[in-house]
Structure formats: structure tokens, C-alpha cells
Amino acid sequence: MLLYMKKILYLITQSELGGAQRYVFDLAKGLKNEYEIAVAFGEPHEKGGLAKMLDAAGIKYYTLPRLKRAISPLNDVRAIFEIKKLIKTLQPGVIHLNSSKISILGSLASILFKIQNSKFKINVVYTVHGWVFNEPLAGWKKKFYFYAEKLTARYKDKIICIDTLDYGIAKDELKIPEKKLALIHHGLNLSETNFLPREQARNSIGAKLRQNLTENTILIGSIGNLYATKGYEYLIGALESLKMPFQAVIIGEGPEKNKLKIQSDSVNCHPRESGDPEINSELKVNDKLIFAGRIDNAAELLPAFDIYVCSSVKEGFPYSILEAMAAGLPIIATEVGGIPDMITDQENGLLCEAKNSNQLAGKITSLASDPVLRQKIAERAKQDLVKRFSFPKMISDTKSAYELTARM
């Protein structure tokens, strides 16, 4: 290891816990015995889940008061100088950027720092957690982020893509030289993954549903922040047309919650084929679906589910799916982002089109009616997790990316 690389500064826009924050924490914790690690982030600062996890792990972090998630020209300029000041104070050998906003601001801050400190060697690494210009944004925002990413890529030493789709976009659309690119999948640390026994997990979910869950009731579950990119309105649309006994739970919080609750309370469930259509003629999806809110250590409840669903319209490489694989669940997911790298249709899960409630409902029905298929794809998913998405491999490959970059 080169001596100047002993310090790594991880930068991320928000401290609210999500996949990118989980990735930063995993790298920081996995490398803290070999490097001097610091993490910096913006809102909600020390109140976010990332800050709490870093505290518990004894990892130093810094807050950037002017760093906001939304575009805010005045705050963004001030955040650039906050980051530059932190770089000057810490003098890291590697700055590792995570998320599109910090990709741009962190790159500009490092350029300013290098101009004023030309003798100090610093490497800028960026992990792409899904290109933001592929999100459902206004046209001007898509163009802004596309050209901002393209421009600032010139000043990054290494760009890590977590899935083959984003790697291809980097190479073919952004025209980033392949020598700057690396493909490194997320890995799940199985030694720190704990699941409750099925009965205990099911009783816990049942308490939230205020009813006992029998083994005959198919429990459909999903974990994720309630953002537009998670596509939960399409999951609700799928639940509307299911013709079987089921309960569903979504674990997570976010700005889409009220909108989703209104949707689920405004549509009827399809009457079950019970012989008496009047029984459920007025039943709303809201009666069969609970929004459980944010639950700490939500993954430990995964064994309660019979089917895990990811309905996202945009994803990177979701930890929630890795955890569902580890829990031995049959998974239905949309074919977006890095999900096709993780799930092969009919082998270790089922894939469906994004924004297609009818197709999603069909996949749920096919799994619910076929316990043999559920068991088969769940077992294969668990095997693939161990073989292909290990935590030690992610750590080793990332270290290699740092060290190879330093020698370029």
C-alpha cells in the first residue's frame, strides 16, 4: 500500500439510510483496520441512520451543513467550499464519492483543492449507485446531470459501477474510457446478517397487521424507502387484481407515503374466488396492505414473508434483494438497474417489466400457487449469494481499485 493512501474520506450526500449509505458503511467498517477512515455527509446530518451506525462502529464522521439533496445553487456553491476545507484539514489520499450530487460537488471541490495544493497527491474515486439522469426527473434535470457527470468524469481517477447496465452507460453514452471503469458488485456480510425464526418474525408482522397469520395466508413483503423510484404504486396496482388470500406489508418511510396510502384506500381488492363475491366486494387494498413505517433491523423480519417483491422503476444493486436471497425467500423483481445481474428469471427468482402491474400480479399468482417453484428458486438464490456476492470479494476488489488507481 502506498503511504499517502493511508487516509480515505468517504463522501455521500445524505445520512438517511439507504443502499448507498449501507455501501459506504460496509466499506468504512471493512477497511478501518487497514486505512484511516472518515465519512462526511449532508442532511439530516447526525440524525440519520448512517451517523448512528458509524457511531456504533467507532468510525469518525463529519457533517456538511450546506450539502442538500435537492439542487440549490447558493447552498451547492457553499458546499463545494465546505468539502474543499474538509479535504484540506484531513488530507486524504483517496476521496471516495457516492451519489450523483456529491459526485459533482466533490469533484469540483477536489479540483479547487488540487489547484491550490498542486504538490499533494489525491485520488478521486466515484461509485455510481445508478445514474441519476435515468430517474423520473424533469427533462432539464436529466440533461443537467448527464452533462455534469460527463464533464466531471474527466477529473475522477476511478469510477466504480455496481452493475453491468451502468457500466455500459458509462462506456457507451458518457464515453468514459474503460481504463477508468471498474465493475464491482455489492457483497453481503453474512456474519452480520441475523434473521428471526419464521414463527417469531411472522408473529411480529402479524401484530402490526393486528391479526394472526396462518400458514395458508400468503404474506407478500417489500422493504425500501417510499420514493417514486421504488414503484410501489405498481405493487398496489398488482395487489388490486390478486384473486387469492393474501396480506402485504411494506416496510419503510418516505415522501410518497401519503400518496400511496390514498391510492391503496381508493381501489377495491378483486373479490376472491370464495363462492360468495359479496364477502369482499367492498374490501380495499388498504385492508390487505400495511405501511409498517421504518423498522430498525427490518431485514431480520424477512423470514416472515412468503414472497419478496421489488417493484422499483430505477435501482442500483439493492441490498434488500441480497438480504432476501440470504433469507431464502422467493423473489419477484423488476428488470431494472443491477437487478438482472442478481436475478436470472425462472432460476433464482422471477423478473418482470417495470411499471407493469398486470405482469407483476401474474408473477405473484404463479409463485403463490406453486410452493415447489418457491422453494426451488429460493434455494438457488441463497446459493448464488454465497458464490457471487460475497462481502470479502467486494472489499478486496475495492482495495485493488484504490491501489491500481494510485499507480496509474
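The values are calculated or read from the model by the stated rules, or taken from the named source; none is laboratory data. Here the structure is a predicted model, which means the values were calculated and not measured. Positions of Cβ are generated from backbone atoms using ideal geometry, with glycine treated the same way; all protein chains shown enter the neighbour counts.
Quick one: which residue in 356, 348 is at pLDDT 95 or above and either assigned by TED's automatic domain parsing to the domain that holds residue 49 or surrounded by fewer than 19 Cβ atoms within 10 Å (Cβ to Cβ) (or both)? Steps first, answer last, please.
On the way: 348 fails: either assigned by TED's automatic domain parsing to the domain that holds residue 49 or surrounded by fewer than 19 Cβ atoms within 10 Å (Cβ to Cβ) (or both).
Just one listed residue meets the conditions, 356.
Might you check whether a residue that is among the aromatic types (Phe, Trp, Tyr), closer than 23 Å to residue 402 by Cβ, modelled with pLDDT of 95 or more and surrounded by fewer than 21 Cβ atoms within 10 Å (Cβ to Cβ) occurs anywhere in segment 62-79? If you could, list the steps in order and put the result at the bottom.
Of all residues in segment 62-79, those among the aromatic types (Phe, Trp, Tyr) come to 62.
In the following step, the residues that additionally are closer than 23 Å to residue 402 by Cβ were identified as 62.
This time we only want the ones that are modelled with pLDDT of 95 or more, so: 62.
Now narrow it down to the ones that are surrounded by fewer than 21 Cβ atoms within 10 Å (Cβ to Cβ): 62.
Among the residues of segment 62-79, at least one is among the aromatic types (Phe, Trp, Tyr), closer than 23 Å to residue 402 by Cβ, modelled with pLDDT of 95 or more and surrounded by fewer than 21 Cβ atoms within 10 Å (Cβ to Cβ), which makes the answer yes.
Yes or no: residue 215 at pLDDT 90 or above and acidic (Asp, Glu)? Don't jump to the end; show me each part of the working.
Numbers: at pLDDT 90 or above: no; acidic (Asp, Glu): yes.
No.
Any idea which of (1) crowded, with 24+ Cβ neighbours inside 10 Å; (2) closer than 21 Å to residue 242 by Cβ; (3) at pLDDT below 95 is the one residue 369 doesn't satisfy?
That leaves (1) as the condition not met.
Hey, could you check segment 179-188 for residues that are surrounded by 15 or more Cβ atoms within 10 Å (Cβ to Cβ) and of a type outside the set (A, V, I, L, M) and say which is farthest from residue 27 (Cα to Cα)?
By that ranking, first place goes to 180.
Please verify whether segment 37-57 includes one or more residues that are among the small types (Gly, Ala, Ser), in contact with a strand residue (DSSP E or B) (Cβ under 7 Å, 6 or more places away or on another chain), crowded, with 23+ Cβ neighbours inside 10 Å and assigned by TED's automatic domain parsing to the domain that holds residue 148.
Yes, segment 37-57 has at least one match.
Among the residues of segment 215-229, is any among the hydroxyl-bearing types (Ser, Thr, Tyr), outside the structural domain of residue 31 (by TED's automatic domain parsing), more than 30 Å from residue 398 (Cβ to Cβ) and buried (at least 22 other Cβ atoms within 10 Å of the Cβ)?
Kept after step one, since they are among the hydroxyl-bearing types (Ser, Thr, Tyr), are these residues of segment 215-229: 217, 222, 227, 229.
Those still in the list that are outside the structural domain of residue 31 (by TED's automatic domain parsing) too: 217, 222, 227, 229.
Pick out the ones that are also more than 30 Å from residue 398 (Cβ to Cβ) and you get 217.
If we keep only those that are buried (at least 22 other Cβ atoms within 10 Å of the Cβ) too, we end up with none.
No, the conditions are met nowhere in segment 215-229.
If I go through segment 91-126 residue by residue, how many of them are out of contact with any helix residue (DSSP H, G or I) (no Cβ under 7 Å at 6 or more places or on another chain) and either within 17 Å of residue 169 (Cβ to Cβ) or surrounded by 16 or more Cβ atoms within 10 Å (Cβ to Cβ) (or both)?
Step one: filter segment 91-126 for residues out of contact with any helix residue (DSSP H, G or I) (no Cβ under 7 Å at 6 or more places or on another chain), giving 91-92, 96, 101-102, 114-120.
Next cut, either within 17 Å of residue 169 (Cβ to Cβ) or surrounded by 16 or more Cβ atoms within 10 Å (Cβ to Cβ) (or both) only: 92, 96, 101-102, 114.
Selection size over segment 91-126: 5.
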